[in-house]
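Engineer: If you scroll down you'll find the structure; I have some questions about it.
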Ligand code: SF4
Ligand SMILES: [Zn+2]
Ligand SMILES: [Zn+2]
């Protein structure tokens, strides 16, 4: 019996940074469908099987936002403080978790007595939006105070 394409190219399938090459090899494999079914049945968390990466296979049957990272580890959905801490601990960048963190911090600023703050204005801008009225007013007030204190220093 002839070898399967992946058996002839083990060096590609054993290297997680070459997953696109592995998927291209699978695309021409006669056993792709049965291979994918077996990988799904075995909950295979490592390597390309049946033309899909571990995370792509996971996404076929899980719609809760969970995902599989390149280590084969199951990860919680993005957007929570826990997920952000995990990313930071692993030195990963995640735009979804960073944006969710800015939104949480903005909620804190909006809960202040004036309904906004200078920091809130900065957070709005970091989120790519214009500051709300309360944050804009707080920003202008803080700028006025800054000018006044500098004038006082110059006059002293
Ligand atoms: S589909 Fe499965 S058997 Fe075929 S090359 Fe890919 S991993 Fe190997
Ligand atoms: Zn994330
Ligand atoms: Zn605001």
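The values are calculated or read from the model by the stated rules, or taken from the named source; none is laboratory data. Computed from a predicted model, the values in this text were never measured in an experiment. For neighbour counting, all protein chains shown are included, and Cβ atoms are generated from backbone atoms with ideal geometry for every residue, glycine included.
Engineer: Would a scan of region 129-146 turn up a residue that is within 23 Å of the chain's Cα centre (by Cα) and either in the same structural domain as residue 23 (by TED's automatic domain parsing) or away from ligand 2 (no atom under 15 Å from the Cβ) (or both)? Step through it out loud before you land on a result.
Structural biologist: To start, the set of residues in region 129-146 that are within 23 Å of the chain's Cα centre (by Cα) comprises 129.
Restricting the remaining residues to those that are either in the same structural domain as residue 23 (by TED's automatic domain parsing) or away from ligand 2 (no atom under 15 Å from the Cβ) (or both) gives 129.
Yes, region 129-146 contains a residue that is within 23 Å of the chain's Cα centre (by Cα) and either in the same structural domain as residue 23 (by TED's automatic domain parsing) or away from ligand 2 (no atom under 15 Å from the Cβ) (or both).
Engineer: Here are some conditions: (1) within 8 Å of ligand 1 (Cβ to nearest atom); (2) exposed (fewer than 14 other Cβ atoms within 10 Å of the Cβ); (3) closer than 25 Å to residue 77 by Cα. Residue 43 meets all but one. Which one does it not meet?
Structural biologist: (1)
Quick grid of which residues meet (1) in the same structural domain as residue 135 (by TED's automatic domain parsing); (2) crowded, with 18+ Cβ neighbours inside 10 Å; (3) more than 16 Å from the chain's Cα centre (by Cα):
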{"residue": "36", "(1), (2), (3)": "no, yes, yes"}
{"residue": "59", "(1), (2), (3)": "no, no, no"}
{"residue": "64", "(1), (2), (3)": "no, no, no"}
{"residue": "100", "(1), (2), (3)": "yes, no, no"}
{"residue": "113", "(1), (2), (3)": "yes, no, yes"}
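Engineer: So which of 12, 68 is more than 16 Å from ligand 3 (Cβ to nearest atom), in contact (Cβ under 8 Å) with a residue 12 or more places away in the chain, under 16 Å from the mean Cα position of the chain (by Cα) and surrounded by 12 or more Cβ atoms within 10 Å (Cβ to Cβ)? Please lay out each step first, then the result.
Structural biologist: On the way: 12 fails: under 16 Å from the mean Cα position of the chain (by Cα).
Result of the check over 12, 68: 68.
Engineer: Yes or no: region 23-42 includes at least one residue that is touching a strand residue (DSSP E or B) at 6+ places or on another chain (Cβ under 7 Å) and within 11 Å of ligand 2 (Cβ to nearest atom). Before you say what the answer is, go through the steps one by one.
Structural biologist: Of region 23-42, the ones touching a strand residue (DSSP E or B) at 6+ places or on another chain (Cβ under 7 Å) are 35-36, 39.
Next cut, within 11 Å of ligand 2 (Cβ to nearest atom) only: none.
The answer is no; no qualifying residue exists.
Engineer: Could you list all residues from region 119-138 that are surrounded by fewer than 20 Cβ atoms within 10 Å (Cβ to Cβ) and assigned to a helix (DSSP H, G or I)? So that I can check it myself, show each step before the final result.
Structural biologist: Pass one, region 119-138, residues surrounded by fewer than 20 Cβ atoms within 10 Å (Cβ to Cβ): 119, 122, 125-130, 132-134, 136-137.
If the condition is that a residue be surrounded by fewer than 20 Cβ atoms within 10 Å (Cβ to Cβ) and assigned to a helix (DSSP H, G or I), then 119, 122, 125, 126, 133, 134, 136, 137 are the ones that fit.
Engineer: Then there's this: Tell me yes or no: at least one residue of region 64-80 is away from ligand 1 (no atom under 16 Å from the Cβ), part of a loop (DSSP other than H, G, I, E, B) and farther than 30 Å from residue 46 by Cα.
Structural biologist: Within region 64-80, none of the residues are away from ligand 1 (no atom under 16 Å from the Cβ), part of a loop (DSSP other than H, G, I, E, B) and farther than 30 Å from residue 46 by Cα.
Engineer: For region 19-28, which positions are surrounded by fewer than 16 Cβ atoms within 10 Å (Cβ to Cβ) and either in contact (Cβ under 8 Å) with a residue 24 or more places away in the chain or in a helix (DSSP H, G or I) (or both)?
Structural biologist: Of all residues in region 19-28, those surrounded by fewer than 16 Cβ atoms within 10 Å (Cβ to Cβ) come to 20-21, 24, 27-28.
If the condition is that a residue be surrounded by fewer than 16 Cβ atoms within 10 Å (Cβ to Cβ) and either in contact (Cβ under 8 Å) with a residue 24 or more places away in the chain or in a helix (DSSP H, G or I) (or both), then 20, 21, 24, 27 are the ones that fit.
Engineer: Here are some conditions: (1) without any contact (Cβ under 8 Å) to a residue 40 or more places away in the chain; (2) in a loop (DSSP other than H, G, I, E, B); (3) closer than 30 Å to residue 26 by Cα. Residue 58 meets all but one. Which one does it not meet?
Structural biologist: Going through (1) without any contact (Cβ under 8 Å) to a residue 40 or more places away in the chain; (2) in a loop (DSSP other than H, G, I, E, B); (3) closer than 30 Å to residue 26 by Cα one by one, residue 58 breaks only (2).
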